[in-house]
1. Can you work out the FRET efficiency for the pair residue B:77 and residue B:238, with r the C-beta to C-beta distance and R0 = 22 Å, to the nearest 0.05?
2. Setting aside same-chain residues fewer than 8 positions from residue A:25, which aspartates and glutamates have a Cα under 17 Å from its Cα?
3. Which of the pairs A:87/A:182; B:66/B:224; A:49/B:224 have their Cα atoms more than 23 Å apart in this structure?
4. Karplus couplings for the stretch A:117-130 from phi (6.51 cos²θ - 1.76 cosθ + 1.60, θ = phi - 60°), rounded to Hz, Gly and Pro as x?
5. Ordered by residue, what ³J(HN,Hα) values in Hz, to whole numbers, does the stretch B:167-176 give under the Karplus form 6.51 cos²θ - 1.76 cosθ + 1.60, where θ = phi - 60° and Gly and Pro are x?
6. Let me spell out the model: positive unit charges on the Cβ of Lys and Arg, negative unit charges on the Cβ of Asp and Glu, origin at the Cα centre of the stretch B:155-195. What dipole size does that give, in debye rounded to 20?
7. Hey, can you grab everything whose amide H is under 5 Å from the amide H of residue A:56? Only 5+ residues off in sequence or another chain; H modelled, so Pro and N-termini drop out.
8. Roughly how crowded by other chains is peptide B:240-251, in terms of the mean Cβ count from those chains within 10 Å of each of its Cβ atoms?
Amino acid sequence: MGALRMLKQTRRKTAKRIGVEKVEKIYGFIFALPAIVFFAVFYFLPIIKTLQISFYRWDFLSPPAFEGLRNYVVLLKSSEFHNSLWKSFYYAFGTTIPIWFIALGLAVLFNRITSTSWLYLVVYYIPVVIPLIVACIVWQIMYHPSYGMLTLITRPLGFVDIPWLTSSRLAMPSIILLSIWKGTPFYMVIYLAGLVSIPKEYTEAAQIDGANKYQVFLAHYGSSSKAGYSLRDCHLNHRCTPSIRPVLRYDQRWTRISHKSCYSLRQRNSFSVS
Amino acid sequence: MKAVKKAFTQHILWHLALLLGAIVIIFPIIYMFSASFMPLEEVFSTPVRLWPSRPRLLNYSEIFTKFSLHRYFLNSVLLTVFTLVCNIFFCSLVGYSLAKFKFPGRDILFTLILATMMIPSNVIVIPLYLLIRSLGWVNSFWGLSFPHVIAPFGVFLMRQFIRSIPDDYIDAARIDGCSEFKIFYRIIMPLSLPAIATLSVVTFVNIWNLFLWPLIVISSDAKKTLPIALNQFLSNYANDWNLLMAASVVATSPILLFFFVFNRGFIEGMTGLSGLKE
């Protein structure tokens, strides 16, 4: 104890002697300066500018004229905006919800097999690393009504020449399918990390207490009120949940962020999603 | 004995399920590779062919001679390498300053940097373009690369990692008369190599796959990056599927190669798991 205090004292003394506090202030600021300038210019300036331009009428040629909230009124009234808003919701929920279930299911499957799972994981993860534009090109070709790869499945089932990307009803589900393909492995890995970090003892304890597999799974999933196995085990339940809950929250945040990627495909294919 | 047998069959079933899933997931990629070796009439055959009857490399030589894909490839490599080096240097420098120095406004700065992670990049693309235009950087390498020189995620990652390096290393170096900048590149950088590896992977994938920003900034053909060139290729040669697939293979192969070599670091880096662990 004494030694530690002495060490701290000497450290404070040397810090004073060589003027560390001052050094820290100066050099800390110098080292942070590139970031201060960079984020101010390339992030905060554009954000402020976005807000500012939204109150102006401006065609980028004549000088901008202040208009107040008119742009917002026009936007909210336009049926095009309503349509795109609805399509965005359709896309976002249509992608996110299946991804949650498929990714979690696959993660549970992976968690079962301890030996060769890394090899599988590498294969499963490939869609995430390839460029989105490449994925779009490959899938566009796979979706071709008469020569696409999907005809291998649909033709024996009796469907011929399905207009995957050109029919207004099928286009969005087709894009959603591609997004699920490209997105699921990412969330699977995140779920898997959460599942792996749950100590085996919890599962075993729950099983000894008479919880069936489904109940154990629910408890792990984190909804402590719904997780079925008797209130008596609440403390156990409570101890289980922290391990996957932050992972879930993290996952949901990422899913939302990554859906900006839909833009490029819509732009890619000139079909209308109306 | 019965229990063992049951466990064994269950194990086999799990494996079969995973194998089936793997085939479904990998299928488009395999098709991309096999179609890139086919002549055009084999691509457009009914029923659909899975393998080329005689694999040929003509498609590849054609995309390099007719479409000069190597130029776009080089542009992409240049952009990725430059941004990677800048990110490694600046993110660790700023991360170091945020982790180990006490200066007024430090916590506010860190919060603001974190806040920028929440903003979708599409929202600021137009004002950013206006800014680049006023700097005279439209259709230039600087305009393309500069907005990506420091990534907020990279700063966050490096700061979290450098915080776990004991102060004693820095103090000892200071007492020995090491200059502040030398402490950074002789002590902090080598010690934070694991985090730098993660940062490199994330930056590499993000920049190599970058689409929207180069699409807006770059207008001349000679300066296009691979994703933009592919986009253009798709509209010009929409019916030459075999060439499209060959170009896609070229655009994907560097990432796939790195992925197969550093797969563990790749997966942990991209999902941010190694960053969260501390």
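1. Between residue B:77 and residue B:238 the formula returns 0.25.
2. Cross-link targets: B:107, B:167, B:171, B:180.
3. Those over the limit are A:49/B:224.
4. Calculated HN-Hα couplings, in order: 5, 5, 4, 4, 4, 4, 5, 5, 7, 3, x, 6, 7, 6 Hz.
5. Values per residue, Gly and Pro as x: 4, 4, 4, 5, 4, 4, 5, 5, 5, 6 Hz.
6. In debye, rounded to 20, the stretch B:155-195 gives about 180.
7. A:67
8. Values: counts 0, 6, 0, 0, 5, 4, 0, 2, 9, 1, 1, 5.
Per residue, the average neighbour count from other chains is 3.
Every read-out reported here was derived from the displayed coordinates using simple, explicitly stated rules and does not represent laboratory data. Just so it is clear, the model here is predicted, and its values are computed rather than measured. Because the Cβ atoms are built from the backbone with ideal geometry, glycine has one as well, and the counts that use them run over all protein chains shown.
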